[in-house]
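Undergrad: Structure incoming, see below.
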Amino acid sequence: MHGVGHNFGLSLSSDTTDPIVAFGDRSGMMGISYSVDDGPGRAKMCFNAAKSYTIGWYSDKTVDLDPATSSFTGRLAGVGKYPTIAANEDVVLKLTHSSTDYFVGYNHAVGAHEGTNEAINQVTVVSQVSTDEVSFLVARLSAGQSHIISNFDGSEDDLTINVVSIDTSATGYADVQVYLGALNNGTPTSSPTSGRTSAPTSDPTSAPTFQPTSGPTSRPTSGPTSEPTSIPSSIPSVSPTSTPSLAPTAAPTDSPASPPSSAPILQKRWRLIVSENFEDGLGNFIGDTRNVKVVRGGRVNRSYTLSLHKEGKAELTSNPDVQMYEKLRLQFQSMSRATSTFFYVEIRVNSGQWHSWGQVDGARAWKTTTLQMNMSSAIQTVQFRFKSTLSSAQNPIFVDNVKFQGYC
């Protein structure tokens with residue numbers, strides 16, 4: 001099937017974090033080749049979401065989405081379920097981008113795809129520049145996890161791909177949300193309609209009335225008064241004249257009526273609390289000079305990055321007040337020189353003790369990590385830090401593009 005894919009014009013499938021650069025995506029047949037033709041076992045599988053879109057086998061169950069104008073809430077089924085797919089399910093979701101498109105699919109290990117070797121029963125996000133280019137597996141998501149693409153297509157908003165739930169049974173599916181920026185009132189808008197809206201009405205509106213309005217009166221109205229009105233008084237009258245109103249209007253109030261309305265209701269969204277790209281040194285962070293440094297090179301899109309050696313700790317210098325937010329989110333990018341390494345993100349609330357917020361595994365290519373927590377009325381201030389646990393200084397951890405945000 002790998003060779004058949006090439007005959008269809010498909011290129012290779014790679015993985016942004018796999019050291020086998022050209023063939024690293026093991027979720028589909030355009031990754032590593034296998035010595036058996038059709039299976040059974042671990043070689044019985046089809047293609048990833050990007051290749052499935054290119055080959056066009058599931059075109060009736062493909063959604064093309066422009067995140068700048070629409071969001072998506074829907075249900076994805078795996079390619080192995082296609083023969084019995086439900087009416088409300090799709091196979092491939094394509095996210096249009098000016099330079100690199102993204103493809104979302106449910107890597108369901110059933111049927112013709114039961115032998116997939118990677119991201120089994122997870123939602124995958126695959127990037128691809130064009131149909132004849134190598135695709136890259138950039139995210140594997142389980143239920144409750146999200147993948148963030150920062151500053152999507154230069155919009156200055158983050159694109160969120162969120163997996164709400166996953167059913168791994170033979171008839172299973174994955175419920176997925178995709179939206180740019182913040183959700184509208186807590187839920188994204190519906191996916192685009194599959195067809196055109198209703199045609200215009202076939203008939204014009206009711207014709208005009210058959211008869212004109214009543215004609216003019218048969219004679220003029222009463223004539224003018226026989227003599228002029230009284231000469232104006234020497235001083236203005238205290239109250240209004242008796243005509244034309246039956247009674248004078250009420251005097252103006254001494255104070256304004258009801259107080260002005262409350263402030264306009266702002267749409268809830270993620271708001272930046274602290275950010276750091278380490279272009280000016282440690283900036284918003286502090287750490288011991290021996291094991292925490294800002295170094296040049298190994299960058300994401302910048303010249304400098306934070307480097308952690310041995311048991312180095314880089315701590316946020318401020319202790320921001322976060323009482324106004326409903327939840328908090330920390331996003332950053334990281335890389336290491338050895339895949340066997342890992343480091344921790346620790347957090348402390350109200351200047352208390354440090355606790356682990358998450359463990360980040362090492363990767364030999366830059367990857368984005370997102371950590372999130374819900375707020376409670378007891379939380380007033382929050383501080384976080386990066387902490388390495390390396391036994392040697394030979395394989396440092398690199399961190400860059402840190403964004404700490406609150407949702408309100």
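No value in this document is a laboratory result; all are computed from the given coordinates. As the structure is a prediction and not an experimental result, all values here were calculated from the model. Cβ: placed from backbone, ideal geometry, glycine included. Neighbour counts: every protein chain shown.
Undergrad: HN-Hα J couplings of segment 64-76 from phi, Karplus 6.51/-1.76/1.60, θ = phi - 60°, integer Hz, Gly and Pro as x?
TA: Each residue's phi maps through the Karplus curve to give 9, 10, 9, x, 5, 10, 9, 10, 9, 10, x, 10, 10 Hz.
Undergrad: Using amide H atoms built 1.01 Å from N in the peptide plane, name the residues 5+ places from LYS44, or on other chains, whose amide H lies under 5 Å from its own.
TA: GLY115
Undergrad: Give me the distance between the Cα centres of segment 127-181 and segment 308-351, rounded to whole Å.
TA: A separation of 24 Å, based on Cα centres.
Undergrad: Order of 87-94, 347-354 by packing, highest average Cβ count within 10 Å first? All intermediate terms of the calculation are to be shown ahead of the outcome.
TA: Details: 87-94: 18.6, 347-354: 13.6.
By packing density, highest mean first, the sequence is 87-94, 347-354.
Undergrad: Could you sort the peptides 120-133, 360-373, 395-408 by per-residue average Cβ neighbour count (10 Å cutoff), highest mean leading? List each step's numbers first, then the result.
TA: Values: 120-133: 19.3, 360-373: 16.6, 395-408: 21.2.
Those peptides, ordered most packed to least, come out 395-408, 120-133, 360-373.
Undergrad: Next up: Kindly provide the GluC sites (Glu not before Pro) of segment 299-383 that DSSP labels as loop, not H, G, I, E or B, and whose Cβ sees at most 16 other Cβ atoms within 10 Å.
TA: Values: sites: GLU311, GLU315, GLU326, GLU346; in loops: GLU311, GLU326.
Hits after loop and neighbour filter: GLU311, GLU326.
Undergrad: Under 18 Å from the Cα of LYS94, which aspartates and glutamates turn up, not counting those fewer than eight places away in the same chain?
TA: Straight-line reach from LYS94, under 18 Å: ASP60, ASP64, ASP66, ASP132, GLU133, ASP153, ASP158, ASP175.
Undergrad: Cβ under 12 Å from ASP66's Cβ, ASP66 left aside: what net charge do those residues give with Lys, Arg +1 and Asp, Glu -1?
TA: On the way: positive: LYS94; negative: ASP64, ASP101, ASP153.
Charge balance near ASP66 sits at -2.
Undergrad: Output the relative contact order of segment 269-408, whole-number percent, from Cα pairs under 8 angstrom with separation of 6+ residues.
TA: Details: 368 pairs, mean separation 52.3, N = 140.
Relative contact order, segment 269-408: 37 percent.
Undergrad: Now for a separate question. Here are some pairs, LYS268/LYS327; LYS293/LYS367; LYS61/LYS367; LYS313/LYS403; which of them have Cα atoms lying more than 22 Å apart in this structure?
TA: Details: LYS268/LYS327 11 Å; LYS293/LYS367 20 Å; LYS61/LYS367 30 Å; LYS313/LYS403 18 Å.
Over 22 Å Cα-Cα: LYS61/LYS367.
Undergrad: Over segment 270-407, what lengths in whole Å, largest first, do the semi-axes of the equivalent ellipsoid take, defined as the square roots of 5 times the eigenvalues of the alpha-carbon gyration tensor?
TA: On the way: eigenvalues 124, 46, 39 Å².
One finds semi-axes of 25, 15, 14 Å for segment 270-407.
Undergrad: Please give me the summed charge of the neighbours of TRP357: other residues whose Cβ is under 14 Å from its Cβ, Lys and Arg +1, Asp and Glu -1. Working shown, then result.
TA: Working: positive: LYS313, LYS327, ARG329, ARG348, ARG385, LYS387; negative: GLU315, GLU346.
Net charge around TRP357: +4.
Undergrad: Tally Lys/Arg at +1 and Asp/Glu at -1 over every other residue whose Cβ is under 14 Å from the Cβ of GLU346; what's the total? Walk me through the numbers on the way to the answer.
TA: Numbers: positive: LYS313, ARG348, ARG385, LYS387; negative: GLU311, GLU315.
Cβ neighbours under 14 Å give a net charge of +2.
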